[in-house]
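Only one structure is covered here, and it is reproduced in the block below.
The values are calculated or read from the model by the stated rules, or taken from the named source; none is laboratory data. Here the structure is a predicted model, which is why all the values come from computation and not from measurement. Cβ coordinates were reconstructed from backbone atoms using ideal geometry, including for glycine residues, and neighbour counts include every protein chain displayed.
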Ligand code: SF4
């Protein structure tokens, strides 16, 4: 399969969590590779994570500008975004998520999926 046939996915992450509590966005990258959680929809519909941007910090006022910046950044290579995913970090923790998701849906111009990977520890101290 040539790369050009894959859907390009952008993930919107929480600025407070990305690379602090969720190191290197490894869960999303692995989630796409293993088609976990909201990435399961790409089992028969090839897709790749093309970019992960963070919200810019509370209260997420620069989300739309950052999406526009990503578009500009990708344009010289003929690349673009086909689907936006709202990151698990943002979905599960952000007190501003309603307004952020509203803005993203109003401005993305492509489908917006609420969620990403589902790798969440449920039993940290459980005896194995
Ligand atoms: S606005 Fe939400 S997603 Fe962005 S840093 Fe604050 S809590 Fe995280």
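Here are the numbers for this structure:
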read-out	value
Residue 48 being at pLDDT 95 or above and within 16 Å of the ligand (Cβ to nearest atom)	no
Qualifying residue in the range 35-42 (condition: within 16 Å of the ligand (Cβ to nearest atom) and part of a helix (DSSP H, G or I))	no
Where a residue in the range 84-95 is over 13 Å from residue 119 (Cα atoms) and its partner, wherever it lies, is near the ligand (Cβ under 10 Å from one of its atoms) and in a helix (DSSP H, G or I), with Cβ under 8 Å and at least six apart	86/97; 86/100; 90/97; 90/100; 91/97; 94/100
Selection from the range 58-70 of residues that are surrounded by 14 or more Cβ atoms within 10 Å (Cβ to Cβ), without any contact (Cβ under 8 Å) to a residue 40 or more places away in the chain and over 14 Å from the mean Cα position of the chain (by Cα)	61, 62
Positions within the range 108-128 being outside any strand (DSSP E or B) and surrounded by 13 or more Cβ atoms within 10 Å (Cβ to Cβ), in sequence order	108, 110, 115, 116, 117, 118, 119
Test: residue 29 is closer than 20 Å to residue 15 by Cβ and either in a loop (DSSP other than H, G, I, E, B) or out of contact with any helix residue (DSSP H, G or I) (no Cβ under 8 Å at 6 or more places or on another chain) (or both)	yes
Test: residue in the range 61-68 that is out of contact with any strand residue (DSSP E or B) (no Cβ under 6 Å at 6 or more places or on another chain), in a helix (DSSP H, G or I), away from the ligand (no atom under 16 Å from the Cβ) and more than 24 Å from residue 5 (Cβ to Cβ)	yes
Selection count, the range 15-28, where residues are under 18 Å from residue 92 (Cβ atoms) and either without any contact (Cβ under 8 Å) to a residue 40 or more places away in the chain or touching a strand residue (DSSP E or B) at 6+ places or on another chain (Cβ under 8 Å) (or both)	9
Answer residue from the range 71-107, given it is within 16 Å of the ligand (Cβ to nearest atom) and within 15 Å of residue 8 (Cβ to Cβ) and is surrounded by the most Cβ atoms within 10 Å (Cβ to Cβ) among those	85
